[in-house]
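Every number here is computed from the coordinates shown, using simple stated rules; none is lab data. Every value quoted in this text rests on a predicted model; they were computed, and no experiment measured them. Note: ideal-geometry Cβ built from the backbone for every residue, glycine included; neighbour counts use all protein chains shown.
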Ligand SMILES: NC(=O)c1ccc[n+]([C@@H]2O[C@H](COP(=O)([O-])OP(=O)(O)OC[C@H]3O[C@@H](n4cnc5c(N)ncnc54)[C@H](OP(=O)(O)O)[C@@H]3O)[C@@H](O)[C@H]2O)c1
């Protein structure tokens with residue numbers, strides 16, 4: 001293996017966390033080309049000639065965005081994944097790792113979902129487009145690995161949060177959007193309004209922890225069976241909102257707006273493979289991770305006119 005490591009989605013939440021750990025890798029953004037386009041992916045792959053590909057590029061969105069645009073999430077992600085994996089296969093890239101998502105899995109009310117469930121039921125309707133595209137990604141990885149014997153694999157982290165999250169009240173992921181809302185509530189003196197009933201159960205992983213696991217994953221052969229990365233058994237959105245309020249030192253009223261979407265009631269994943277794959281793993285406790293994320297958000301908020309977007313945070 002002589003070529004560089006190529007990371008797609010290098011300007012994203014996870015890509016930026018990985019950049020701190022593997023600065024020598026080559027990181028792509030949409031400015032380098034639209035990876036929905038096969039000829040673009042092929043051109044990039046033949047120019048860079050990577051020996052390892054970390055495929056993170058994806059169209060990722062919050063609960064409302066997914067529910068309203070399932071077809072677009074499906075199309076964009078299928079196109080990106082197909083183009084990147086096809087170009088990597090034709091360039092004989094022998095090690096590739098990509099990210100699936102909890103949204104790809106069927107969910108059960110009486111037990112947590114495990115890796116073995118991935119292809120045994122449909123994903124939740126509200127994120128069916130994104131979820132099915134990730135299921136196809138799993139299939140494509142397996143087919144290439146089976147035909148070639150190459151080390152193509154995937155990880156499945158639960159919802160990520162941390163520095164460089166999208167701090168947008170409407171389109172961000174739940175943690176980034178809650179921090180933004182909390183900050184706005186603090187500034188305006190109005191209550192913090194949280195979408196949904198607050199009773200939905202979700203799991204969260206600090207992005208820097210997942211970046212570290214990704215580096216460790218790259219260091220030894222894995223095989224195509226995905227590994228779920230879920231630090232705990234999950235918390236309600238109400239508990240999360242209170243933890244965000246504490247991290248923001250917000251002491252005002254918290255209201256729940258059940259007219260807004262909240263997605264599936266319980267999403268709970270549990271790994272049957274994680275402990276043997278990552279025996280040394282340590283997860284940042286939620287309160288610590290939130291504090292660090294809020295510190296990061298506030299530093300940008302104070303130093304730039306608008307802290308809600310990733311672009312602002314990247315300005316010198
Ligand atoms: N965030 C989560 O909670 C979560 C949870 C589980 C799995 N994952 C998966 O982990 C991976 C990384 O997620 P993330 O949160 O870091 O995503 P993100 O912050 O939304 O970043 C997406 C990245 O993909 C790039 N991208 C999007 N469309 C593209 C296109 N058409 N052509 C080329 N590049 C494109 C973006 O480039 P620009 O910045 O230039 O637009 C950006 O670098 C994704 O595969 C995601 O599905 C994420």
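Neighbour counts of C-beta atoms inside 10 Å place 183, 150, 195 in the sequence 150, 183, 195, starting with the fewest. In terms of its Cα atoms, the chain spans 58, 49, 40 Å along the principal axes, sorted from long to short.
A Gaussian network model of the chain, with springs between Cα atoms under 10 Å, assigns the largest mean-square fluctuation among 107, 290, 255 to 255. For the pair segment 78-132 / segment 184-246, the C-alpha centres are spaced 19 Å from each other.
Across q = 0.20, 0.21 Å⁻¹, segment 126-194 modelled as identical point scatterers on its alpha-carbon atoms has Debye log10 I(q)/I(0) values of -0.87, -0.91, in the order of the q list.
Between 121, 131, 15, find the one with the highest GNM mean-square fluctuation for the chain; connect C-alpha pairs within less than 10 Å. Its mean-square fluctuation being the largest, the pick is 121. A Förster radius of 41 Å combined with the Cβ-Cβ distance from residue 148 to residue 170 puts the calculated FRET efficiency at roughly 0.45. Between 171, 46, 276, the Gaussian network model of the chain with springs among Cα atoms under 10 angstrom shows the greatest mean-square fluctuation at 276.
Residues 111, 95, ranked from the fewest to the most other C-beta atoms within 10 Å, line up as 111, 95.
A protection proxy built from the mean count of other Cβ atoms within 10 Å ranks the segments 231-239, 262-270, most packed first, as 262-270, 231-239.
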